[in-house]
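The values are calculated or read from the model by the stated rules, or taken from the named source; none is laboratory data. What you see is a predicted model; the values in this text were computed from it and never measured. We place every Cβ from the backbone using ideal geometry, glycine too, and count neighbours over all the protein chains shown.
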Amino acid sequence: MDNDALTVVIPCRNRAGFLKEVLRNLMGQLREGDEVLIADNGSSDSLCTTIQPYVDAVKIIRVPYEGHWMRCTVLNSGVEAAENDLIVVLDADTVPQPHCIDKLRDAGGRGIYVSGLLLFKVPERVRQVTDHKYGMHATVALMGTSPPEKVLENVRAGESQEVMGSNLCFHRDDWRRVGGYTEAYDGHWGLGETDFYLKLYYAGVTLVALDKFNPVQLDGCVAYHNDNITHTKLRITKKRLKDKEINRKLLLSLLPRYEQGIFHE
């Protein structure tokens with residue numbers, strides 16, 4: 001096993017329409033020994049057709065769908081099946097910018113790295129901002145993950161703090177040490193990523209964001225533009241707000257265990 005080689009794990013469910021652009025931008029950034037592994041959660045779309053041009057370079061593992069998006073289970077399955085110990089998680093709707101895989105590779109020996117900015121696709125009815133390079137309406141959105149100390153401060157202060165779960169790099173040994181992603185949190189939007197992030201922090205893994213690491217998000221947020229500053233607004237519902245508060249309280253209850261280095265049931 002090449003110590004410098006990495007596996008890109010792409011969690012996926014019905015994202016074939018986005019994967020074509022993701023893979024097109026990803027494949028040229030890989031080196032000999034690298035691996036691309038799509039961990040699919042029962043997709044019913046044209047996934048196999050989409051990856052056909054890359055069939056010799058992309059592997060698929062299947063996780064049966066059980067009525068809800070099983071992100072934590074899918075990620076754990078992908079990491080476990082990976083041929084390399086250096087893992088990059090890349091969402092199926094996130095286009096990697098040039099050289100970002102090398103940035104993650106070079107930084108991967110020192111901890112987990114989360115991107116600082118995202119480019120979100122903006123519906124035409126909200127605002128027309130044409131990104132000619134990608135041929136779609138896009139704008140910059142400040143969606144970086146806060147340092148762990150800030151995440152903890154927000155959780156304790158009663159504020160919801162979600163960690164961006166894509167575009168990060170970690171060693172499989174650290175993933176094993178903290179018990180991986182907690183599969184009991186499948187279906188709890190954003191909880192699995194925040195929990196994993198905080199477990200790594202309490203396990204002593206250095207968590208550092210990469211500056212100017214800007215993937216393009218093809219789905220997700222509605223963005224609003226104000227002069228030169230762009231703000232994002234998630235599609236918030238009453239249920240979503242309730243779920244976020246449930247997630248925050250659960251994280252708060254787990255912190256004493258994590259402070260003692262207890263990461264497994």
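Taking the options R240, R235, name whichever one is part of a helix (DSSP H, G or I), of a type outside the set (A, V, I, L, M, F, W, C) and at pLDDT below 85.
On the way: R235 fails: part of a helix (DSSP H, G or I).
It is R240.
Output the residue which, of all residues in the range 14-30 that are at negative phi and without any contact (Cβ under 8 Å) to a residue 60 or more places away in the chain, is farthest from the chain's Cα centre (by Cα). Walk me through how you get there before you give the answer.
Applying the first criterion (at negative phi) to the range 14-30 yields 15-30.
Adding the requirement that they be without any contact (Cβ under 8 Å) to a residue 60 or more places away in the chain leaves 16-17, 20, 23-24, 27-28.
Values: A16: 17, G17: 18, K20: 18, L23: 16, R24: 18, M27: 18, G28: 20 Å.
Among those that are at negative phi and without any contact (Cβ under 8 Å) to a residue 60 or more places away in the chain, it is G28.
Candidates are the residues of the range 21-33 that are in contact with a helix residue (DSSP H, G or I) (Cβ under 9 Å, 6 or more places away or on another chain) and outside any helix (DSSP H, G or I); the one that is surrounded by the fewest Cβ atoms within 10 Å (Cβ to Cβ) is R31.
Rundown of residues vs (1) hydrophobic (A, V, I, L, M, F, W, C); (2) closer than 18 Å to V8 by Cα; (3) out of contact with any Pro (no Cβ under 9 Å at 6 or more places or on another chain), yes/no style:
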position: L19; (1), (2), (3): yes, yes, yes
position: V36; (1), (2), (3): yes, yes, yes
position: D40; (1), (2), (3): no, yes, no
position: S46; (1), (2), (3): no, no, yes
position: K59; (1), (2), (3): no, yes, yes
position: H68; (1), (2), (3): no, no, yes
position: T73; (1), (2), (3): no, yes, yes
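Annotation: of all residues in the range 22-44 being closer than 24 Å to M70 by Cβ and charged (D, E, K, R), the one that is modelled with the lowest pLDDT is D40. Criterion applied to V79, V89, V55 was being β-branched (V, I, T) and over 24 Å from L207 (Cβ atoms), and the one residue passing it is V55. When the range 87-110 is limited to residues that are touching a helix residue (DSSP H, G or I) at 6+ places or on another chain (Cβ under 6 Å) and over 14 Å from Q29 (Cβ atoms), the one that is surrounded by the fewest Cβ atoms within 10 Å (Cβ to Cβ) turns out to be D93. For the range 186-200, the candidate set comprises residues that are aromatic (F, W, Y) and within 15 Å of N76 (Cα to Cα); within that set, the residue that is surrounded by the most Cβ atoms within 10 Å (Cβ to Cβ) is F196. Is it fair to say E66 is at pLDDT below 95, under 19 Å from D186 (Cβ atoms) and of a type in the set (D, E)? It is true that E66 is at pLDDT below 95, under 19 Å from D186 (Cβ atoms) and of a type in the set (D, E).
Scanning the range 75-94 turns up one or more residues that are of a type in the set (S, T, Y), at pLDDT below 90 and either closer than 24 Å to M164 by Cα or in contact with a strand residue (DSSP E or B) (Cβ under 7 Å, 6 or more places away or on another chain) (or both).
Every residue, every condition in (1) touching a Ser or Thr at 6+ places or on another chain (Cβ under 6 Å); (2) surrounded by fewer than 17 Cβ atoms within 10 Å (Cβ to Cβ), yes or no:
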site: L6; (1), (2): no, no
site: L19; (1), (2): yes, no
site: E35; (1), (2): yes, no
site: T49; (1), (2): no, yes
site: V58; (1), (2): no, no
site: Y65; (1), (2): no, yes
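Where helices (runs of 4 or more DSSP H) fall wholly inside the range 37-109, the ranges with 2 or more residues that are on the phi < 0 side of the Ramachandran plot and among the β-branched types (V, I, T) are 47-50, 71-81. Within the range 8-17, the set of residues being part of a helix (DSSP H, G or I) and either buried (at least 16 other Cβ atoms within 10 Å of the Cβ) or in contact with a strand residue (DSSP E or B) (Cβ under 7 Å, 6 or more places away or on another chain) (or both) comprises just one member, A16.
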